[in-house]
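Written out below as structure tokens is the structure these notes cover.
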Ligand SMILES: Cc1cc2nc3c(=O)[nH]c(=O)nc-3n(C[C@H](O)[C@H](O)[C@H](O)COP(=O)(O)OP(=O)(O)OC[C@H]3O[C@@H](n4cnc5c(N)ncnc54)[C@H](O)[C@@H]3O)c2cc1C
């Protein structure tokens, strides 16, 4: 998100941008999926997603959706064509990072200086000057998220008040590349799980962006909290087979069946990541509460850096969600914020408009994630009528 923010801000004059990054090189080869709504050119294309098309229409006004589309039309065509290439299928994170870095290196009317090295909270607070705009894109362990509210005597800490988290499930993510085209709809997911007991392998299957002949399989298997605690954070398929055979069996049943149906075979390692699937958001994605505090006189006498500067959270630092949505959501918020900052409107209005937009994006991703989780829960019980009924609350 830091890269896309810098790439968009540099495209218009008036900024002097510094991009801090603690990693010297981009090494994450993990494949991620982006949503096609990122390049939608009409409202119907933007709302085409089966799970949240109606939610989009309910949450956003048609005028703001239209404004978003027209904002997108003004985005650098080179950036749009990069996004177009990434949404063809699963795409490696470092391919996205390299594409955005190259775009930044091409330059633009506003200069970007890249500063290598991590920034600690103390360093950030010491560096922030009154008219600075700080955009925190440091990911799920955000540097500034928990600092965005002034501490108040007798109230929970800023961290407790500002971060709201819902644990959806503990999961094992299984990923591998398959050397043949393959598609798997809901019928496929169902029949591939016949014979699986407690553990269901629920795949997301798509081509990879750079080669239509190669399929990326990303399967999610729900596990218990105790199993999560007993597993290493990352391992390979063989480790799972040896140490968690029942979990691995659901994966292997899927693999056996696609092998039978195609001439393909697995052409990569089977990578396993165990992960809590959390849905969270920052209740405040800006420091506007600090700015209000300043207007009333900062109580401790000294001045906190957030009482004059402008701070925004973008990407996982603001909202985190599972089920292949986060990057697209982060890109949308980045595009919205870059556009607001480029219009030169007064900062209090920028804060209010960004907070309102990010809250709507949170509602959207909350509703979509809960719908997906609910569908997954039902799906996992399909052959057990009473199991399904227990998960249904009608009214
Ligand atoms: C297994 C897995 C699969 C996923 N699959 C998908 C998917 O298919 N689709 C999808 O949309 N999302 C997916 N996600 C989520 C996606 O990876 C994240 O939403 C996305 O990477 C968030 O981007 P970000 O820029 O906000 O944060 P990050 O990618 O975490 O980047 C943060 C950056 O900030 C830098 N940084 C952090 N702290 C500091 C500091 N103090 N000083 C300087 N630099 C700092 C880091 O080095 C890093 O470059 C997946 C996540 C996981 C774990």
Residues of the stretch 301-320 satisfying the condition of being more than 8 Å from the ligand (Cβ to nearest atom), surrounded by fewer than 24 Cβ atoms within 10 Å (Cβ to Cβ) and closer than 18 Å to residue 360 by Cα: none
Which numbered condition residue 54 misses (of (1) over 22 Å from the mean Cα position of the chain (by Cα); (2) part of a helix (DSSP H, G or I); (3) at pLDDT below 95): (1)
Failed item, numbered, when residue 99 is tested on (1) within 13 Å of the ligand (Cβ to nearest atom); (2) in contact with a helix residue (DSSP H, G or I) (Cβ under 6 Å, 6 or more places away or on another chain); (3) within 30 Å of residue 216 (Cα to Cα): (1)
Selection within the stretch 329-349 - farther than 18 Å from residue 66 by Cα and free of Cβ contacts under 8 Å to residues at least 60 places away in the same chain: 345, 346, 347, 349
Residue list for the stretch 259-279, filter: over 30 Å from residue 365 (Cβ atoms) and touching a helix residue (DSSP H, G or I) at 6+ places or on another chain (Cβ under 8 Å): 264, 265, 266, 269
3 or more residues away from the ligand (no atom under 13 Å from the Cβ) and in contact (Cβ under 8 Å) with a residue 40 or more places away in the chain: qualifying helices (runs of 4 or more DSSP H) within the stretch 102-203: 186-192
Single condition residue 261 does not satisfy, out of (1) outside the structural domain of residue 129 (by TED's automatic domain parsing); (2) under 16 Å from residue 174 (Cα atoms): (2)
Candidates 149, 177, 144 - the one that is modelled with pLDDT under 95 and either under 30 Å from residue 263 (Cα atoms) or surrounded by 14 or more Cβ atoms within 10 Å (Cβ to Cβ) (or both): 149
Selection from the stretch 76-101 of residues that are over 15 Å from residue 34 (Cβ atoms) and outside any helix (DSSP H, G or I): 76
Lone qualifier among 373, 360 - being more than 12 Å from the ligand (Cβ to nearest atom), touching a residue at least 40 places away in the same chain (Cβ under 8 Å) and more than 22 Å from residue 5 (Cα to Cα): 373
Filter result for residue 128 (under 17 Å from residue 22 (Cα atoms), surrounded by 13 or more Cβ atoms within 10 Å (Cβ to Cβ) and in contact with a strand residue (DSSP E or B) (Cβ under 9 Å, 6 or more places away or on another chain)): no
Unique match (being touching a helix residue (DSSP H, G or I) at 6+ places or on another chain (Cβ under 8 Å) and surrounded by fewer than 19 Cβ atoms within 10 Å (Cβ to Cβ)) among 361, 381, 343: 381
So residue 241, is it in contact (Cβ under 8 Å) with a residue 12 or more places away in the chain, over 27 Å from the mean Cα position of the chain (by Cα), surrounded by fewer than 20 Cβ atoms within 10 Å (Cβ to Cβ) and under 25 Å from residue 377 (Cα atoms): no
Filter result for the condition that a residue is at pLDDT 95 or above, over 23 Å from residue 305 (Cα atoms) and surrounded by fewer than 18 Cβ atoms within 10 Å (Cβ to Cβ), over 81, 44: 81
Conditions (1) within 14 Å of the ligand (Cβ to nearest atom); (2) over 17 Å from the mean Cα position of the chain (by Cα); (3) not in a loop (DSSP other than H, G, I, E, B): number failed by residue 23: (3)
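The values are calculated or read from the model by the stated rules, or taken from the named source; none is laboratory data. Note that the coordinates shown come from a computational prediction; the quantities given were computed from them, not determined experimentally. All Cβ positions, glycine included, derive from the backbone under ideal geometry; neighbour counts span all protein chains shown.
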